[in-house]
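Notes follow once the structure below has been shown.
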DNA sequence: AACAATGTTCAGTC
DNA sequence: GGACTGAACATTGT
């Protein structure tokens, strides 16, 4: 699930609940999640320190650490969540869909753990194991955060080149934070065909896409996740457009499963 | 059992 | 070198 809104929720959770608590132990034994670090490397670097700030760019988070320690980078991957337990055992989650009943949490799905001296912990919980933890993650390769990109920058980024517009929205080096569901929602809101080539977009298209980006992000934050998007519920065989009722189409664009309205998001003429 | 899944990365081609 | 494509990655759910 994690796209920008979920990652921001997880970041806030860390900022609110996990800072300034002394790290007493670190479980970094999952060598895939912690690659390229060897087991024990993160423990050695973090034990005794505290997290002092939680930051985010796109879907990448990192925590600054005390005494000039390294940054702790965390990526939620395809389905990771952050679970913070307080000193008195209260559990708080961030990064997954907001829901009343907590999902089952098998201990073996805890992929990385900071144990605090107060008895609580911060856990990267991730069934699919595609999440990632690393020291000093470089964020230079990421484009501007999707929540902060200016209309002018966005217009440039979304019209340059000739790739399918959805592939461009998903390109983290251009705009950081948009994932597969958010991309479908943005394109649907803006009534742009996902396969339209970036070079064929007119300024009016770029404007609608920018406004759709803003509103899709705001709505996902308010409602509690990108899965709450208006068109997301129609993303299944037989689904119909929530606006006009026309059949939804399905295909692969930019290597990802893609759904669009057969009437309102007509293929570009060529 | 085969296939798809909300993400990233790397090898390969143009 | 840049732009672009497709497969691989680990695991679960359908």
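The values are calculated or read from the model by the stated rules, or taken from the named source; none is laboratory data. All values reported here derive from a predicted model rather than from experimental measurement. A quick note on method: Cβ atoms are made from the backbone with ideal geometry, for glycine too, and the neighbour counts reach across all protein chains shown.
For the range A:157-165, does any single residue satisfy the condition of being touching a strand residue (DSSP E or B) at 6+ places or on another chain (Cβ under 9 Å), closer than 26 Å to residue A:21 by Cα and within 16 Å of DNA strand B (Cβ to nearest atom)? Looking through the range A:157-165, none of the residues is touching a strand residue (DSSP E or B) at 6+ places or on another chain (Cβ under 9 Å), closer than 26 Å to residue A:21 by Cα and within 16 Å of DNA strand B (Cβ to nearest atom). When the range A:229-260 is filtered for residues that are farther than 18 Å from residue A:201 by Cβ and in a strand (DSSP E or B), the ones remaining, listed by number, are A:240, A:247, A:248, A:249, A:250, A:251, A:252, A:256, A:257, A:259. Scan the range A:126-139 and tell me whether some residue there is within 24 Å of residue A:20 (Cα to Cα) and surrounded by fewer than 13 Cβ atoms within 10 Å (Cβ to Cβ). Within the range A:126-139, one or more residues are within 24 Å of residue A:20 (Cα to Cα) and surrounded by fewer than 13 Cβ atoms within 10 Å (Cβ to Cβ). Counting the residues of the range A:166-198 that are assigned to a helix (DSSP H, G or I) and away from DNA strand B (no atom under 16 Å from the Cβ) gives 3. Within the range A:73-90, the residues that satisfy the criterion of being within 16 Å of DNA strand C (Cβ to nearest atom) and in a loop (DSSP other than H, G, I, E, B) are A:76, A:77, A:78, A:79, A:80.
In the condition set (1) modelled with pLDDT of 95 or more; (2) within 16 Å of DNA strand B (Cβ to nearest atom); (3) more than 15 Å from residue A:80 (Cα to Cα), residue A:124 is compliant with all but (3).
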